[in-house]
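Engineer: Got a structure for you, written out below as structure tokens; questions coming shortly.
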Amino acid sequence: MVKRSRIIAFFLIILLFAGLMGGTTNSILKHINLGLDLQGGFEVLYKVEPAKKGQKITKDVMTNTVEALDRRVNALGVNEPTITIEGKDKIRVQLAGVKDQKEARDILATTANISFRDVNDNKLMDGTDLVEGKAKQSYTQNGQPNVVLQVKDRKKFHDVTQKIVNMAPNNQLIIWLDFEEGKDSYKEEVKKKDPKFLSNPNVREVFNTDTVTIEGNFTIQEAQNLASLLKAGALPVKLKETYSTSVGAKFGEHALNKTIEAGIIGVAVVFLFMLFYYRLPGLIAVVTLSIYIYLTLLVFDLINGVLTLPGIAALVLGVGMAVDANIITYERIKEELRVGRTVKAAFAAGNKQSFMTIFDANITTILAAVVLFVYGSSSVKGFATLLIISILLSFITAVYGSRLFLGLWVNSNLLKNKPGFFGVKQKDMHDISENMDAHKLPTKFDRFDFVKHHNKFFMFSIILTIVGIIVLSVFKLNLSIDYTSGTRVEVLAKHSLTASQLQKDVDKLNLSTEDIVLSGNKNEIGVMRFKGAFNKAEVAHITDYFTKKYGPTNVSTVSPTVGKELAKNAFKSVIIAAIGIIIYVAFRFEWRMGVAAVVALLHDAFLMVTFFSITRLEVDLTFIAAILTIIGYSINDTIVTFDRIRDHMKFKGRLKTAEDIAEIVNVGLRQTLTRSINTVLTVVITAAALFIFGSESIQNFSIALLVGLIMGCYSSIFIAAQLWYVLKKRELKKKGPIKTVKEKRKWSDEPQV
């Protein structure tokens, strides 16, 4: 009897979610904070240095500096600034949506120690003599912009002006900002066209007032900026810029539109694949995947996360992870149907058997993502955050969501005796009375003997590794400035560019470039790299020159210290992720599987590094994110295979010969091969869409994922499982017959609904 109420409940839940998603998605998208690479702005990493001799950089000093910077940012009117302390002496400032980056840079880094001196540079008053927060921009009687300050002690100001009057004809009161003892001199600066001091008014009478007026050749904006600086207060330290990157607003908008378009195409193709291959379960997967994408964006908005280009890539790739969980479950259900179970029994058994496989695979990927978050840079942290959220929500929606929705159909009895809805043909089904073991089901890959040729696979990989070592020793890696230090200038022109054209510009600026690379559909994007980290004045000059001539220009600078630190953290990330994975796999399975899994993923990582060396693709920050993502996917694939091998061991009971081990490996690989191919195919589709249609900024990231995913699939089948076979065979030779898990399932124990 068909229970229509369950079908009605299914459609009511779908309508409820559709209404919720349709009514709130637009609002969520509007509230999500976009990173610098998507809306423009700039990021600076400052090294905090003592402002005075003997000053110690303590935790309190760092906190006070952050507060002072925050006051200055507020004066700029920047929304959602991010100011964070990193380590003992570094502060990272991220300002998204800043229109005038030079102005923002000047306001941030200026120490803003004001002093009042005579013509001989003797200090008469300083910032401590002023009332805090009282500086304001005003106008002279002639309508010229000026800045008005308030002094604490009227008598002291009276005495200062008295002293200056008595110095006639040198009766100038020199007002300085950030005067440097032993370096700055009024007598030298006054000769210059654009002197460093703010103002040098003649004092002809003694003032008995509590206000000081700074007059100069200010524009309104300059006067407002100076007033904001003095109002925010002086920085308690000096800030040395060690890393910076800037992105034009148009550049960010261009990258955002292209990457979203790529994501939509990739996800749409995955949806079509699921519908075509898995029929009704595929439809359920499309529903749960849509809910997963909505929930991921919702949670990211609730935690006030910052969405970056790699973050969008993490969201799209998270779809691949969610698809994988569905595929594992659906393949298990199809196997149980072929054994001869009813739809209800197959549904129950398939869900039960796939749960721990999905759990183990997701945990190891989260481990890689957590390492990324701890040791990654700001944009990589955004990627890691979204990847962690994606994995957690994909697990919930793909496991529990799919089970709920598909369960409503199965338990309605509408699918009774209709295995075709799951893509299983009647001719492929056995009778339950045959006691056909799911582990003995024939597959389309039965003619392949994977173990027989394991030495050939090992030899192939060894040859590739040796070639890789030679290639790396000769060509090395094309490291970006992130790891080598220097300056990178990226220009987005309105027309096609040529290398010779940009070279002429570089020569005109009296600079020497390392290389010039053109990209984009019409070569409208030009990238130039320079040795050495430019200072903020040089960055401002270069940005202004290329922006006026071509269009939006991004400039990134990295000091040697930061470059070494990033390289060190990248290496540490890969090592820690590998150790964590081997410990987890050894705990959940056995140490031989852990060793085999890590050897396979290191094999993937090394070959991908070799690929980048041969192709001369640039290795930047997102490359490490790609490496660790691939480690997650590689271990994911390997664990699914090992889980099936472990399952076969339970049924075997005892391993007496090498042939027994070979049989277990072969059967495990044959039965998971369809799942491995389908999973990698869906993730490759999304990575390919990001590469073909996405922003040029993440093309290297997309290539790394594409190559790594294919290698990961290869290594889990031909390296990890085969290596475990060799290690297990040695154990057999050393110990004799090996007892596996004693518990052995009986068909009478299984649901026979």
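The values are calculated or read from the model by the stated rules, or taken from the named source; none is laboratory data. Worth saying up front: this structure is predicted, and the values here are computed from it rather than measured. All Cβ positions, even for glycine, are placed from backbone atoms using ideal geometry, and neighbour counts span all protein chains on display. Ligands, DNA and RNA are stripped out before the accessible areas are found, and what is left, the full protein with its side chains, is counted by its heavy atoms. Shrake-Rupley method; radii C 1.70, N 1.55, O 1.52, S 1.80 Å.
Engineer: Can you tell me the order of 286-296, 701-711 when each peptide is scored by its average per-residue count of other Cβ atoms within 10 angstrom, highest first?
Structural biologist: 701-711, 286-296
Engineer: Also, I was wondering about something else. Among the listed pairs LYS163/LYS191; LYS102/LYS152; LYS163/LYS193, which have their C-alpha atoms separated by more than 26 angstrom in this model?
Structural biologist: Among LYS163/LYS191; LYS102/LYS152; LYS163/LYS193, the Cα-Cα distance tops 26 Å for LYS102/LYS152; LYS163/LYS193.
Engineer: Give me the net charge of THR498's neighbourhood, meaning all other residues with Cβ under 13 Å from the Cβ of THR498; Lys, Arg count +1, Asp, Glu -1.
Structural biologist: 0
Engineer: OK, next. Excluding residues on the same chain fewer than 8 positions from LYS381, give the lysines whose Cα lies under 21 Å from its Cα.
Structural biologist: LYS47, LYS88, LYS90, LYS564, LYS568, LYS572
Engineer: Read phi for every residue in region 130-147 and hand back ³J(HN,Hα) as whole Hz from Karplus 6.51 cos²θ - 1.76 cosθ + 1.60, θ = phi - 60°, with x for Gly and Pro.
Structural biologist: Karplus values, whole Hz, x for Gly and Pro: 9, 6, 5, x, 9, 5, 8, 8, 9, 9, 7, 5, 8, x, 7, x, 9, 10.
Engineer: Sticking with this structure for a sec: Given a 1.4 Å probe and the protein chains all in place, what does the accessible area of GLU696 round to, in Å² to the nearest 10?
Structural biologist: So the heavy atoms of GLU696 present about 30 Å² to solvent.
Engineer: Decide, for region 1-153, between rounded, prolate and oblate: order the square roots of the alpha carbon gyration tensor eigenvalues as a ≥ b ≥ c, take rounded if a/c falls under 1.5, and otherwise choose prolate if a/b is larger than b/c, else oblate.
Structural biologist: Taking the square roots of the gyration eigenvalues as a ≥ b ≥ c, region 1-153 is prolate.
Engineer: Right, here's the next one. Just the number, please: carbon plus sulfur as a percent of the accessible area of the chain, 1.4 Å probe, no ligands or DNA/RNA counted.
Structural biologist: Looking at the chain in its full context, I get 58 percent from C and S.
Engineer: Mind checking which aspartates and glutamates have their Cα closer than 20 Å to the Cα of LYS729? Skip sequence neighbours fewer than 8 apart in that chain.
Structural biologist: ASP449, GLU590, ASP643, ASP647, GLU659, ASP660, GLU663
Engineer: With θ set to phi - 60°, apply the Karplus curve 6.51 cos²θ - 1.76 cosθ + 1.60 along region 452-457 and write out the HN-Hα couplings as whole Hz, x wherever there is a Gly or Pro.
Structural biologist: Per-residue couplings from phi come out as 3, 9, 4, 5, 5, 5 Hz.
Engineer: Can you match Kirkwood radius over Cα pairs in Å to one of these, (1) 29.9; (2) 33.4; (3) 31.0, based on a calculation from the structure here?
Structural biologist: (1)
Engineer: Also, I was wondering about something else. So what is the relative contact order of region 85-201, in percent, for Cα pairs below 8 Å that sit 6 or more residues apart?
Structural biologist: Relative contact order, region 85-201: 25 percent.
Engineer: Between GLY318, GLN141, PHE450, whose Cα lies farthest towards the positive end of the dipole of the chain when Lys and Arg beta carbons carry +1 and Asp and Glu beta carbons carry -1, centred on the Cα centre?
Structural biologist: After comparing all options, I get PHE450.
Engineer: Put PHE373, PHE355 in order of accessible area, largest first, 1.4 Å probe: what do you get?
Structural biologist: From most accessible down to least: PHE373, PHE355.
Engineer: Continuing with the same structure: Could you work out how far helix 378-395 tilts from the main Cα principal axis of the chain, as a 0 to 90 degree angle to the nearest 10?
Structural biologist: That works out to roughly 30 degrees.
Engineer: While we're on this one: What pairs from LYS344/LYS739; LYS196/LYS536; LYS134/LYS156; LYS30/LYS231 go past 22 Å between their alpha carbons?
Structural biologist: With Cα atoms farther than 22 Å apart: LYS344/LYS739; LYS30/LYS231.
Engineer: Dipole of region 219-331, Cα-centred, from +1 at each Lys and Arg C-beta and -1 at each Asp and Glu C-beta, to the nearest 20 debye?
Structural biologist: Approximately 280 debye in magnitude.
Engineer: Would you work out the charge dipole size for the chain about its Cα centre, treating the Cβ of every Lys and Arg as +1 and the Cβ of every Asp and Glu as -1, and quote it to the nearest 20 debye?
Structural biologist: The dipole of the chain has a size of about 2720 debye.
Engineer: Count the net charge of all other residues whose Cβ sits under 13 Å from the Cβ of VAL683, scoring Lys and Arg as +1 and Asp and Glu as -1.
Structural biologist: So the environment of VAL683 carries a net charge of -1.
Engineer: What percent do you get for the relative contact order of the chain when only Cα pairs under 8 Å and 6+ apart count?
Structural biologist: Result for the chain is 15 percent.
Engineer: Would you give the gap between the C-alpha center of region 623-644 and the C-alpha center of region 304-374, rounded to a whole Å?
Structural biologist: A separation of 13 Å, based on Cα centres.
Engineer: Using the Cα centre of region 564-633 as the reference point, and only Cβ charges (+1 on K/R, -1 on D/E), how large is the resulting charge dipole? Debye, rounded to the nearest 20.
Structural biologist: Its charge dipole is roughly 160 debye.
Engineer: Per residue of the chain, what 222 nm ellipticity follows from adding -39500 (n - 2.57) for every DSSP H run with n ≥ 4, rounded to the nearest 500?
Structural biologist: Calculated from helices alone, the mean residue ellipticity at 222 nm is -20000 deg cm²/dmol.
Engineer: Take peptides 493-500, 45-52 and line them up by average Cβ neighbours within 10 Å, highest first, as a rough protection proxy.
Structural biologist: Per-residue Cβ counts within 10 Å, averaged per peptide and sorted highest first, yield 45-52, 493-500.
Engineer: Over the chain, give the accessible area per residue in Å² for a 1.4 Å probe, as an integer.
Structural biologist: 46
Engineer: Whole angstrom only: what separates the Cα centroid of region 128-180 from the Cα centroid of region 486-502?
Structural biologist: Rounded to whole Å, the Cα centres lie 47 Å apart.
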